[in-house]
Every structure is written in structure tokens, then in C-alpha cells.
1. Over its Cα atoms, what ratio of radius of gyration to 2.2 N^0.38 Å does segment 65-105 give?
2. At most 15 other Cβ atoms within 10 Å plus a DSSP loop assignment makes a site exposed; report the longest stretch of the chain without any exposed trypsin sites (Lys or Arg not before Pro).
3. Rounded to the nearest 5, what is the percent of antiparallel bridges among the DSSP beta bridges in the chain?
4. Roughly speaking, to the nearest percent, how much of segment 1-133's 1.4 Å accessible area is carbon and sulfur?
5. Please give, to one decimal in nm, the separation of the simple spin-label points placed at Asn72 and Cys125, each 7 Å out from Cα toward the Cβ.
6. Accessible area per residue of segment 2-133 at 1.4 Å probe, in Å²?
7. Tell me the net charge near Ala99. Cut-off is 10 Å between Cβ atoms, Ala99 excluded, with +1 for each Lys or Arg and -1 for each Asp or Glu.
8. Let me have the 222 nm mean residue ellipticity of the chain computed from DSSP H runs of 4+ only, each contributing -39500 (n - 2.57), with the sum over all residues rounded to the nearest 500.
Amino acid sequence: MIGKLNHVAIVVPDLTAATAVYRDTLGAKVSAATPLPAHGVTTVFVSLPNTKIELLEPLGDDSPIAAFLARNPSGGMHHLCYEVDDIRAARDRLVAAGARVLGNGEPKNGAHDRPVLFLHPKDFCGTLIELEQA
Ligand code: CO
């Protein structure tokens, strides 16, 4: 059911510094910073030949990644994003299998303006999973 690895997301305490690490130290192509108020984050995407890295910095007072950063002050790996052909069909199949979908279960438009959902890490090997409509 899952397709390509769309991106690996890393939460960072300082998006400007993290972008410089990927652009200048690692020599990668990076996007401009994009605020996503509906998700409580600002993102930068790093383009790699086979996938992307999403750098995430908290945005606003009740950012969903604020607690993660409090536990991991230097930042850290936050989630994996897999592409699916039909996000509602994927959700229904996962819910029927007993998996927990975060939030109200309805896809929201994510960083690529495509519908996304998040799945509970306890149901997926301790890893937060984002599904994105391909
Ligand atoms: Co993501």
C-alpha cells in the first residue's frame, strides 16, 4: 500500500542554522522557508536525488512539535512520510486494522499542498508516520 518515501522530517531548534548546515556543510539544495500556520511549523525542504529531508521549526504558541523539541533540545528525527495513492482508502484500511490516526482522522493539506494524515507511533515501530496523497 505505501509507495515512495516522500521525506524524512527533522525537528530543529534554529531553522536558519539547520538550513545552513544542509546547504553549506552538506552541499544540498534547499528550499526557502515556508510557514505553515495550520500545522504550527515552518518548513525547509532539502532535495536529495532519491527523497527529501523536511526541516521543521515550531511556529506559534501551541506548535505540535514544541514538546518534541523540549525533550530533544538539539533537535532530532521526527517522522517518515510515505506516499499513498488514495489517502482515504489507506486510512480506512489502517483503521480497520486497529491503527490510530491522529487528530480528527480527516486529511489536512500538508507542506506540498496535498492531503496528509499522521499515524500513532506506538502502532508503527515507535515511529511517527505521515501519509501523503501521491
Ligand atoms: Co512531513
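1. 1.56
2. Counting only loop sites that pass the neighbour cut-off, the longest clear stretch is 5-99.
3. Of all bridge pairs located within the chain, approximately 70 percent are antiparallel.
4. Percent of accessible area from carbon and sulfur atoms in segment 1-133: 54.
5. 1.6 nm
6. Per residue, segment 2-133 has 55 Å² of solvent-accessible surface.
7. +3
8. -4000 deg cm²/dmol, from helical runs alone.
The values are calculated or read from the model by the stated rules, or taken from the named source; none is laboratory data. Keep in mind the model is a prediction, meaning the values are calculated, not measured. As a convention, Cβ positions derive from the backbone with ideal geometry for all residues, glycine included, and neighbour counts pool all protein chains shown. Areas reflect the complete protein model, heavy atoms only, side chains present, ligands, DNA and RNA absent. Shrake-Rupley method; radii C 1.70, N 1.55, O 1.52, S 1.80 Å.
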